[in-house]
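Below is one structure, written out as structure tokens; comments come after it.
Just so you know, all these numbers are worked out from the coordinates, no wet-lab data involved. Because the structure is a prediction, the values reported are computed rather than measured. Methodologically, a virtual Cβ is constructed for each residue, glycine included, from the backbone with ideal geometry; neighbour enumeration extends over all protein chains shown.
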Amino acid sequence: MGGKAGNAAKPVKGAGSAGLMKGAKSAKPSKPRTRKPSASETPASAPAKTGFLLPGKEGHVLLAHGAGGHMDHPHILALAGALAATGLTPLRFDFPYRAEGRKFPDRMPVLVERFREEAECLTTGEKPGFLILAGHSMGTRAALALASGGHPCRGLILFSYPLHPPGHPEKLRLDHMEGLNVPVLSLSGTKDAFCTPRLMDKAVAKASRWTHHWIEGADHGLMVPKRSGRTRGEVLAEVESVCRAWLAGLPKR
């Protein structure tokens, strides 16, 4: 795969919120750089790879970070760990602005192109049994745009899709939500400032292959307050359970 392989996705304690930043700057994509987990970094509690996985083949999930994050952000590592526990092999990568040390995100076409490059490197080099495109926040928008453009994948897993900017529910981001021909699972917190529940439910109702799950009391980083009585580990266990059930229901090919 393009670029240098490094340490892989593994579950960590705690995670921060990787929120969106304002502003975008176009940049020429740099060489793809994807990291994947080694056998020793796969959670010991991960179940046998059966059910939704194709015989003798692994399912891979390519996970994109949010605007304020990066491939090694604790939140991305935590999500990668939850996905690994379902039996998938998670891979992470940096968008060009992060790989080049810039602060502000690239424009969406540049993000989508990097996502496409990473997906093509993965499918050519690793030859997974199937591929899931995933992301957090801004990364979900890039994943959705890539899939809607026809890039082959079994489905999408979107964490904290930013339906609208905080405080501006009238500025809905509905691009690519309707007419998508692959299954989608999205997970959001009920206290996410980027995703008003009433508006998200209405938008998802128009998308026939879209499943949405609300995490009670969670914010944009899927964090819950101490007063909720829930731990970060319990929230991640919920994420794992929901993803596992959705994966099990995917059509076999």
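Please pick out the residue among GLY217, GLY229, GLY155, GLY179 that is among the small types (Gly, Ala, Ser) and without any contact (Cβ under 8 Å) to a residue 24 or more places away in the chain. Reasoning before the result, please.
Details: GLY217 fails: without any contact (Cβ under 8 Å) to a residue 24 or more places away in the chain; GLY155 fails: without any contact (Cβ under 8 Å) to a residue 24 or more places away in the chain; GLY179 fails: without any contact (Cβ under 8 Å) to a residue 24 or more places away in the chain.
Only one candidate qualifies: GLY229.
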Residue pairs qualifying under the 7 Å Cβ cut-off, at least six apart or on distinct chains, with the first in the range 104-133 being closer than 12 Å to ALA64 by Cα and the second being basic (Lys, Arg) and crowded, with 21+ Cβ neighbours inside 10 Å, are ILE132/ARG154
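Condition first: surrounded by fewer than 16 Cβ atoms within 10 Å (Cβ to Cβ) and within 18 Å of the chain's Cα centre (by Cα). Now tell me which residues in the range 213-231 satisfy that. Steps first, please.
Filtering the range 213-231 for residues surrounded by fewer than 16 Cβ atoms within 10 Å (Cβ to Cβ) gives 213, 216, 225-229, 231.
Answer for the range 213-231, where residues must be surrounded by fewer than 16 Cβ atoms within 10 Å (Cβ to Cβ) and within 18 Å of the chain's Cα centre (by Cα): just HIS213.
Against the condition within 16 Å of the chain's Cα centre (by Cα), over 25 Å from VAL112 (Cβ atoms) and of a type in the set (Phe, Trp, Tyr), how does TRP210 come out, does it pass?
No, not satisfied.
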